[in-house]
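The values are calculated or read from the model by the stated rules, or taken from the named source; none is laboratory data. Predicted, not measured: the structure shown is a model, and the values here were computed from it. Neighbour counts run over all protein chains shown; Cβ positions are idealised from the backbone, glycine included.
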Amino acid sequence: MKTNCFFYRKKKYSINPNGVVTSKSHSNIALIKYWGKHNNKTQIPLNSSISYSLGEVYTVTRLIYQKKKERNLPIKVFFSGKEKTSFLPKILEFFHRISSYCSYLQDFNFIIETYNTFPHSSGIASSASSMSSLALCIMEIEKKLVSSSKEDFFLKKSSFLARLGSGSACRSIYPGLVVWGCHKSIKGSNNLYAIPYPYEVHSIFTKIEDTILIIDDEPKKILSSKGHQLMNDHPFARERFKCATQNMSRLISILKIGDFQEFGELIEHEALTLHAMIMTSRPYFLCMKPNTLNVIYTVWDFRKQNKKNIYFTLDAGANVHLLYPIQEKTFILKWIYSDLFVYSKKIIESFCL
Ligand code: DP6
């Protein structure tokens, strides 16, 4: 089942010539990071990753399809009500990559209307929620064509298609902890689509807050696709992939036992390793800003003084995600607003789904 062939839809089906489908998909934050892939087109990761899908930060997409008329532009994109031609190249590339798995798409023109509940390109994974929500819309169309399509297949293929749009997007199809990429200790894990984390999880990890500090709301300086590419001849790449695989094995037992301190140290190590890779690639980049470091040092001091369970993780940007158990929310959130607001442009209160 874990081959591309499983997802082909070559046959032609009949469908109403016009229609609308909608979907909503949440962003996710990786605990073990995906950074490095075999090549940009096939989107096969070089290590397995795991993320939490996030509440309150999501993309809503409305996909309008119309039977193709000659000389029409195949796709128009509207973001928050405004036409966005700058999104077209990525979306056209996505439609091209999935065309052999969804051959019915060639019969239609599309209008994509989409919006996020968070700032676009702010370091919150907007490509994850937008690509997964678009993949879900496409699968809604497929569902109309093939009414026998089962829920399990629907989700797997949605994740498979989302991956071809953006790697981390394949994890956004599911709530909770989600794994993508083959890992020998995780049953069912594979490189083609994500799966819900299949093992026991201690109750402390089922209700986690994620408060996101927006340090920089400008578009990212390094695009993920470029960063992944730079791992291909990165001097530390081999060690990084080994380390990610070991961290995943450690995380399996941490999640079971419920050791929050171990969990926190592991996610901070992952975040700093990601940035270490970015800082030591050629060309090199520095995504953290002075206020990213101010937040990190302040969190470390606070933890030492108050013995509280609060740990950070980062994406390939300057913003900081602070993870802590819901039981400690009242005290910690009050402290975040009093001591960390000064370093942030905006605070987004989210939680792990
Ligand atoms: C640092 O999924 O954005 O957020 O596959 O090229 O679209 P593409 O990359 P993308 O990379 C995400 C990188 C990360 C880590 C992660 O989410 O695992």
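Please determine whether any residue of region 155-166 is touching a helix residue (DSSP H, G or I) at 6+ places or on another chain (Cβ under 8 Å) and surrounded by fewer than 21 Cβ atoms within 10 Å (Cβ to Cβ). Within region 155-166, one or more residues are touching a helix residue (DSSP H, G or I) at 6+ places or on another chain (Cβ under 8 Å) and surrounded by fewer than 21 Cβ atoms within 10 Å (Cβ to Cβ). Among the residues of region 304-349, those that are touching a residue at least 24 places away in the same chain (Cβ under 8 Å) and small (Gly, Ala, Ser) comprise ALA316, GLY317, ALA318, SER344. Only residues that are among the small types (Gly, Ala, Ser) and near the ligand (Cβ under 9 Å from one of its atoms) were counted in region 157-181, giving 5. Examine region 135-153 for a residue that is outside the structural domain of LYS329 (by TED's automatic domain parsing), crowded, with 17+ Cβ neighbours inside 10 Å, of a type in the set (A, V, I, L, M, F, W, C) and within 16 Å of the ligand (Cβ to nearest atom), and state whether such a residue exists. Within region 135-153, one or more residues are outside the structural domain of LYS329 (by TED's automatic domain parsing), crowded, with 17+ Cβ neighbours inside 10 Å, of a type in the set (A, V, I, L, M, F, W, C) and within 16 Å of the ligand (Cβ to nearest atom).
Taking region 290-318 as the range and being modelled with pLDDT under 95, closer than 24 Å to LEU223 by Cβ and not acidic (Asp, Glu) as the test, the residues that pass are ALA316, GLY317, ALA318.
Would you pick out the residues in region 176-188 that are in contact with a Ser or Thr (Cβ under 6 Å, 6 or more places away or on another chain) and surrounded by 14 or more Cβ atoms within 10 Å (Cβ to Cβ)? Walk me through it before giving the result.
The first filter runs over region 176-188 and keeps only residues in contact with a Ser or Thr (Cβ under 6 Å, 6 or more places away or on another chain), leaving 178-183, 185.
Within region 176-188, VAL178, VAL179, TRP180, GLY181, CYS182, HIS183 meet the criteria.
Cβ-Cβ distances below 7 Å connect the following pairs, each with a first residue in region 161-176 that is more than 25 Å from LYS207 (Cβ to Cβ), a second residue that is assigned to a loop (DSSP other than H, G, I, E, B) and near the ligand (Cβ under 9 Å from one of its atoms), and a separation of six or more residues or different chains: ARG163/GLN43; LEU164/GLN43; GLY167/TYR34; GLY167/GLN43.
Which ones in region 164-178 are closer than 14 Å to ALA30 by Cβ and part of a helix (DSSP H, G or I)? Residues satisfying the conditions are GLY167, SER168, ALA169, CYS170, ARG171, SER172.
Of the residues in region 197-212, how many are under 16 Å from the mean Cα position of the chain (by Cα) and either more than 16 Å from the ligand (Cβ to nearest atom) or among the aliphatic types (A, V, I, L, M) (or both)?
Result for region 197-212: 1.
For region 193-210, the candidate set comprises residues that are among the β-branched types (Val, Ile, Thr) and in contact (Cβ under 8 Å) with a residue 40 or more places away in the chain; within that set, the residue that is farthest from SER168 (Cα to Cα) is ILE204. Listed by position, the helices (runs of 4 or more DSSP H) enclosed by region 213-329 that each have at least 2 residues that are within 14 Å of the ligand (Cβ to nearest atom) and among the hydrophobic types (A, V, I, L, M, F, W, C) are 237-257, 260-279. Taking residues in region 17-37 that are more than 16 Å from the ligand (Cβ to nearest atom), and partners anywhere that are of a type in the set (Val, Ile, Thr), the pairs with Cβ atoms closer than 6 Å and at least 6 places apart or on different chains are VAL20/ILE64; VAL21/ILE141; SER23/THR61; LYS24/VAL60.
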